[in-house]
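Okay, so here's the structure we're looking at.
The values are calculated or read from the model by the stated rules, or taken from the named source; none is laboratory data. Just so you know, these numbers come straight off a predicted model, no measurement behind them. When we count neighbours, we look across all protein chains shown, and the Cβ atoms used for this are built from the backbone with ideal geometry, even at glycine. Note: accessible area is taken over every heavy atom of the protein model, side chains too, but ligands, DNA and RNA are not part of it. Shrake-Rupley method; radii C 1.70, N 1.55, O 1.52, S 1.80 Å.
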Amino acid sequence: MTDKSQDKEDEQRRAYRVEGLDCAEEVSALDQTVADLEGVSDVNYHVMKGRMTVTFDPDRTGPEEIADAVEAAGLRAIPWEHAGERDAEASFWERRGRLLTTSLSGALLVAGFITHWIIHGDVLHVLAAGHGAGDGSYPLLPMLLYGAAVVSGAWFVAPKALSAARRLSPDMNLLMALAILGAAAIGEWFEAATVSFLFAVSLLLEQWSVGRARRAISSLLDLSPATARHIPPGEDEVRTDPVEEVPVGSTVLVRPGEKIPLDGEVVEGSSSVNQAPITGESEPVRKEGGDGVYAGTINGDGAFRFRATKPAEDTTLAHIIHLVEKAQSRRAAAEKWVDRFARYYTPAMMGFAATLALLPPLVLGGGWGDWFYRGLVIMVIACPCALVISTPVTVVSGLASAARSGVLIKGGVFLEQASNLRGVALDKTGTITEGQPSVQQVVPFNHHSEQQLLSIAAALEKPSEHPLARAIVEYAAERGVDPAPASGFQAIKGEGAEASVEGREFWIGSHKMMEKKGEETPAIHDKAEELEDAGHSVVALGNENHVCGLISVADPVRTEAAESIRSLKQQGIEEVLMLTGDNEGTARAVAGAAGVDQYRSELLPEDKVDAVREFGERLGSVAMVGDGVNDAPAMATSRLGVAMGAMGTDVAIETADVALMSDDLPRLPWLIGHSHRVLRIIQQNVIFALGLKGLFILLALFGMATLWMAIAADMGASLLVIFNGLRALRVVKT
C-alpha cells in the first residue's frame, strides 16, 4: 500500500491481538477500516496468530482511532503486550459465548421443529413447509422458536455483516445474513433457522481449527524453559532466575531430563542430549567438555554444567522463533491467488444470485418466490470461506511440521518454491563430504616405520593451523604417538614447512614441494598419483637424503550422500551439480562416489556465482546448498538458497531461504517431498471447494437444492478442507 506518512522517523509501530481474526475475510475488512486511517503507512497481518501490526504517525492518528477502526470492521483489538492479561481476565461469556449461542440456536431449531411436527402431526409436511411446498404460513410458536434460533445463531455474524454493508464490501457474513433474511421474508422460517445454525457451527469449527494450527505453532516455539539454575560470574551461590536475566558467562546447571535453557558450552560432566526439537535428529547426541549445547534441547540421564555463551534473546532457538513468526508473512503464490480470487468471486456471485432471482421472472415469466429462493441458495453456496481459510492453514501447518523436523523454511513462498526445482547445486565440502579432513593412509618408504613418520610429521605440523596439518596432528594423538622434539621451525608459503628433529633436518609439504626437492622416485611418484586419483591430498615427508613417506588426507564423502542424491532424482530433480574449490582429481573422485551428474572444480567464490547462474539459465529453477557463509553469494543467485547444518550458526540461518538445522543431507530430498505434499493438499482443497460449489450452483439452477442442503454442503466442505490442511502438521518420512 502507499505510504501516507510524511515523517518516517516519527512513526510508531504497534502490534494488536485482534479477536475474531480467523479468516482472510476479516483481513479484507481491516484493510478498508484500519489501513485507510490518516497517518497509517503500513498494516501487516498474521491470521494464524490473530495479530495485526500497524505503523502510524502518532501526530495524525492514535491507538484509540485504531481500536475504533477495528471495531468498525466488527472485530476487537487488544494491545499485543496485554493479550495474555486479557485472556486471564476474560469472562465466561467472552470465552464461551460463541459456543453458547451456537448451542442455543441448535436447541431452539430442534424445539421449533418438534413443536411444528406436533402441531401438524406429519413430519413430511413440516419438512415440505419451506421451498414453496407448504401452505406458506407457520403456527406462531414454531415461528417464534425458529426466529429465536435465527437470532442466536447470527449473534456474532450480524455485526460483521452490518460492517460489510456499510463499507459496501460484500463478504461471507453479509452473504449469510442476506440469505437468512431473504428466507424469513418469504416465510421459510425453518430454512432460515437451519442456515443460521449451520453457519454458526461452521464458524465455530473454523475458529477451533485455526486455533489448533495456532496451538501447533505455539507448541513448536514454546521449547525453552522460563527459568534457569545458574551461578553468575564471580559468585559461588546457585540462583534460579528467568532466562532473560541470566548473564552471559554464567555457569548453568542441568539435571537429568531437563530442557536446556540457553546456548552454551559444556564445562563439567557429560550426557546425551535430544536435539530433535531443533534439528529433527532421531538419535540423542553425546555432549562432553567443550561441546556446544542449545536452548530448547532436552538433556538425557546425565547431569552437567555449561557456560552460557549467548543471552536468551540471541540463542539459536530465539533466531528460529523470530524467523518462523516472520515466515508467516511471506506468503506462497497459492495463498495470494486464493485471496485475489475470493476478492472478485464474492461480489460476482452476489451479482449472479441477484440476476437469477430477478431475470427469469421478468423475462421468462417465472414464479418470483421460486427464483428468489434459488438466488438465496446461490448466495449460500457462494460463501468462499472453505476456499480462503484452507490454504493458509495448510501452509502454516507445513511450515510448523518442517520446523519440527529440523528444516527451517522462511515462508510459504519458499515452501512452494521447493516443489518447482529442476536442479540442485551442492557445495562439496561440508555438504557432500563430512567437512572434516582426516588421515586416510600412512605409506612409509626407505625403512621408516609408520610410527616414525607420524611422530616427525606431527612435530612439523604442530605449529600450523592448516586443516591438513590439524588432521595429521589429531591422527597421531589418536594413535598414541607423541610428536618428536622439533626446533628451528620454518614455514614455506604455499608448500609446507621445515624443522630440525633430533638433530636432523626434515621437510613436510605437498607433492609439488617433493618434486622441487628432487627426491621423488618413480615408485613414490606412482603411489602419490594413485592417492590423488582416489581424491586424497598427498602430504610428503622427507629429509636431506630421501622421501621418508607419504600421508594421504581426505575429506570423506558422507555415507548417506549417494542415497540422498538418488532420492533427489526420485523427487523429480533433473540434474545435480557439485561445486568445489578443490583440485580436479579430488573433485572427480568425490563426484563419482556421490553420484552427481556434473561437477565444477577449482572454483573461487565468484566462480561459484557464475556456475549457479549458468545452471539456472539452463534449467530454470535451481537450488544452491552450502554452508550459508562462504556460499552466500551463490545462494543469493539461485532460486532457493539452502544452508546445511545451520544449528548454532546465526549467519547461516539468516542467509538462506531454507536452513537444514542438522548435518543431515537426507533432509534435502525430504524438504522437496514435503513441499510436493503440501502443494498437493492445497490443490486438493481448491479443486474440491470449487467443484462442490459448481455442483450446487447447477442443482440450484434446476431447483434441486435447498438452503439447508447448501449450507450443510458448505459447512462440510469447510471442515473437510481444513482437516485436510491440518494433515500437513504430521511429519511424514519420504
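Applied to segment 704-710, the Karplus parametrisation 6.51 cos²θ - 1.76 cosθ + 1.60 on θ = phi - 60° returns per-residue 3J(HN,Hα) values of 9, 10, 10, 4, 5, 5, 5 Hz, with x for Gly and Pro. Across segment 517-598, Cα-Cα pairs farther apart than 19 Å form 49% of the total. Counting only Cα atoms, the size of segment 438-482 along its three principal axes is 30, 19, 18 Å, in decreasing order.
Computed over protein heavy atoms with a 1.4 Å probe, the carbon and sulfur contribution to the accessible area of segment 396-523 reaches 48%. Once the Cβ-Cβ distance of A491 and Y344 is raised to the sixth power relative to R0 = 45 Å, the FRET efficiency obtained is 0.05. For segment 26-33, the Karplus equation 6.51 cos²θ - 1.76 cosθ + 1.60, evaluated at θ = phi - 60°, returns couplings of 5, 4, 4, 5, 5, 4, 8, 10 Hz by residue, with Gly and Pro reported as x.
Residues in segment 421-438 carry Karplus couplings, in order, of 5, 10, x, 10, 9, 10, 5, 6, 6, x, 10, 7, 9, 5, x, 10, x, 9 Hz; the curve used is 6.51 cos²θ - 1.76 cosθ + 1.60 with θ = phi - 60°, and Gly or Pro positions show x.
Cα extents for segment 516-560 along the principal axes, largest to smallest and rounded to whole angstrom: 44, 17, 15. A cut-off of 5 Å between modelled amide H atoms, ignoring neighbours fewer than 5 places along the same chain, links D241 with A228, H230. Amide H contacts under 5 Å for G411: none, restricted to partners 5 or more places along the chain or on a different chain, H placed in the peptide plane at 1.01 Å from N.
The C-alpha radius of gyration of segment 492-531, expressed as a fraction of 2.2 N^0.38 Å, stands at 1.28.
Protein heavy-atom accessible surface, 1.4 Å probe, per residue over segment 414-503: 50 Å².
With one equal scatterer per alpha carbon and no solvent term, the Debye-computed log10 I(q)/I(0) for segment 378-537 at 0.15 1/Å reads -0.89.
Using alpha carbons only, what's the Rg to Rh ratio of segment 520-666 with Rh from Kirkwood?
Working: Rg = 18.0 Å, Rh = 17.0 Å.
With Rh from the inverse mean 1/r over Cα pairs, Rg/Rh is 1.06.
The largest accessible area among F702, F197, F696 belongs to the first residue in F702, F197, F696, and the rest follow in falling order (1.4 Å probe, all chains).
Under 5 Å between amide hydrogens, built in the peptide plane, is the criterion, and for Y599 it picks out M578 among residues at least 5 positions away or on other chains. Per the Debye formula on identical point scatterers at the alpha carbon atoms of segment 152-193, with no solvent, log10 I(q)/I(0) at q = 0.18, 0.28, 0.34 Å⁻¹ is -0.48, -0.92, -1.09. With the convex hull of the Cα atoms taken as the outline of segment 381-470, the averaged projected area works out to 10.9 nm².
For the set K259/K310; K428/K517; K428/K569; K462/K608; K287/K310; K310/K462, the pairs lying more than 24 angstrom apart at their alpha carbons are K428/K517; K462/K608; K310/K462.
Contact order normalised by length for segment 423-497, with contacts defined as Cα pairs under 8 Å and 6 or more residues apart; what percent is it? Here the relative contact order equals 27 percent.
So the label point goes 7 Å from the Cα of R588 along Cα→C-beta, right? Which residues of segment 497-540 then have their backbone N under 13 Å from it? Residues 529-536 qualify, since their backbone N sits under 13 Å from the label point.
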